1. In region 423-439, which residues are in contact with a Ser or Thr (Cβ under 6 Å, 6 or more places away or on another chain) and crowded, with 21+ Cβ neighbours inside 10 Å?
2. Which residue, of Leu49, Leu57, Leu78, is closer than 21 Å to Tyr421 by Cβ and either surrounded by 15 or more Cβ atoms within 10 Å (Cβ to Cβ) or outside the structural domain of Tyr421 (by the TED database) (or both)?
3. Where residues in region 116-137 are part of a loop (DSSP other than H, G, I, E, B) and in contact with a Lys or Arg (Cβ under 7 Å, 6 or more places away or on another chain), which of them is least open to solvent (accessible area, probe 1.4 Å)?
4. Looking for something closer than 23 Å to Ser350 by Cβ, open to solvent by 10 Å² or more (accessible area, probe 1.4 Å) and of a type in the set (Val, Ile, Thr) - is there at least one such residue anywhere in region 298-311?
5. Would you check which residues across region 402-422 are part of a loop (DSSP other than H, G, I, E, B), open to solvent by 10 Å² or more (accessible area, probe 1.4 Å) and over 16 Å from Glu371 (Cβ atoms) and list them?
6. Scan region 179-190 for residues that are over 26 Å from Cys265 (Cβ atoms) and part of a strand (DSSP E or B) and report the count.
7. Anything in region 350-379 that is touching a strand residue (DSSP E or B) at 6+ places or on another chain (Cβ under 8 Å) and among the polar types (S, T, N, Q)? List them, or say none.
8. For Gln101, only one of the following conditions fails: (1) over 20 Å from Leu395 (Cβ atoms); (2) not in a helix (DSSP H, G or I). What is its number?
Amino acid sequence: MAAGGACAHASFGRCRGNEPQAAEMGPKRLLLRYFPPGIILEYVEGGELKTRSIDLLDLSPHSDVVALVEEIQKEEPLITASCKEHVIRLVQRLQEKLGEQEDHKFYLFKVLRAHILPLTNVAFNKSGSRFITGSYDRTCKVWDTASGEELHTLEGHKNVVYAIAFNNPYGDKIATGSFDKTCKLWSAETGKCYHTFRGHTAEIVCLSFNLQSTLVATGSMDRTAKLWDIEKGEVVFTLRGHSAEIVALSFNTTGDRIITGSFDCTVGVWDVVTGRMLHILIGHRGEISSAQFNWDCSLIVTGSMDKTCMLWNAMTGAHIATLTGHSDEVMDVCFDYAGQRIATASADGSGRVYSAETKKCIAKLEGHGGEISKICFNPKGNRILTASSDKTARLWDAATGHCLQILEGHTDEIFSCAFNYKGNIIITGSKDNTCRVWH
């Protein structure tokens, strides 16, 4: 099935891995997932409630819904004739959401004088109801997005709090990685510290939860990454093999693989179950700045100080393409939720958008007056947000590269920015010690 044509393609349970033996009587509930488009099936098997997903990553406003649902029925025993109409209606709702035209203008809602020293990072929980800020002042703060009120200050680190994350989609826990060589796990509700993970011998500069929220991974200047058990508070594996600092890491959605990007110019692909290195991605001629899986776990994208971005086969580790065009270091790289587009941010002050299918540059994001350190898509994939040292963040049309809006007001460089899940709120973090919330 060609992506983007009248037919969309469904992929089944790729990322949840519960294959039902004999599900009792079809699905209990069908849930919509807007970003990336899909349907979640809840079903009972052996008396236990289980879920799995049907991914509709290339659904478009022009897809033939009835034909698509018939294809789903052939592949998915849980979708019985009796619920066919219901599934058609759900897919039509997803289609309407994709077709909605939005001319959302963002306005400054609040300036939060968040910390007494510069911020390092900002992150939302999945619903966007809360966000966190990390800082050189050794704390992480939890904020209420609607009111701009500070809910908790997470204190205890003895040095810069550099890497921060919620355990999305749940959002009930927060991890903080610090230059004090430890990672701490906190309750997002109460601000209580559950665990302090000790073992790294140098600064922690990146961290990530798996989607299943059972593990947190930390990457360090000590050239190792570690996987920690969230419940037990213990180290599960230490990933050794890089010959220089690890500055980027990312789980795939299934949670069975993790990638580590290093200053040794390589990316390691590791088996999460055994802690073994499966592949080493060799090809970049400069330090890795960023690395990410696409949603369906088939591709890996890497950005490097060698001014290029590379695309790899996640299963085999084979190099697929080199995306060129930047005249300076690639600082950040990301996929959209559906895995169809790749965005790159560079020290040359521009961003680029590439098609994952054709590997061609489809748009150039030009206008910033300084390097772009951060780039991200909105959940729908039609807008891109960039943060720059020119003290502005910009919003772009992902298809055309047209600049839709300049978010001005910070008095120093912006190095962190994020959308909430609905895509209607933006946060920006700056060296001016403030965080701005835009609605």
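The values are calculated or read from the model by the stated rules, or taken from the named source; none is laboratory data. This structure is a prediction, so every number in the text was calculated from the model and none was measured. Here the Cβ positions follow ideal geometry from the backbone for every residue, glycine too, while neighbour counts run over all protein chains shown. Protein only, heavy atoms only, side chains kept; ligands, DNA and RNA dropped before computing areas. Shrake-Rupley method; radii C 1.70, N 1.55, O 1.52, S 1.80 Å.
1. Once the filter is applied, which keeps residues that are in contact with a Ser or Thr (Cβ under 6 Å, 6 or more places away or on another chain) and crowded, with 21+ Cβ neighbours inside 10 Å, region 423-439 yields Gly429, Cys435, Arg436.
2. Details: Leu49 fails: closer than 21 Å to Tyr421 by Cβ; Leu78 fails: closer than 21 Å to Tyr421 by Cβ.
Residue meeting the stated conditions: Leu57.
3. Looking at the filtered set, the residue picked out is Gly128.
4. Checked region 298-311: at least one residue is closer than 23 Å to Ser350 by Cβ, open to solvent by 10 Å² or more (accessible area, probe 1.4 Å) and of a type in the set (Val, Ile, Thr).
5. His402, Glu408, Gly409, Thr411, Tyr421, Lys422
6. Residues flagged as over 26 Å from Cys265 (Cβ atoms) and part of a strand (DSSP E or B) within region 179-190 amount to 4.
7. Correct list: Ser350, Ser355, Ser373, Asn378.
8. The number of the failed condition is (1).
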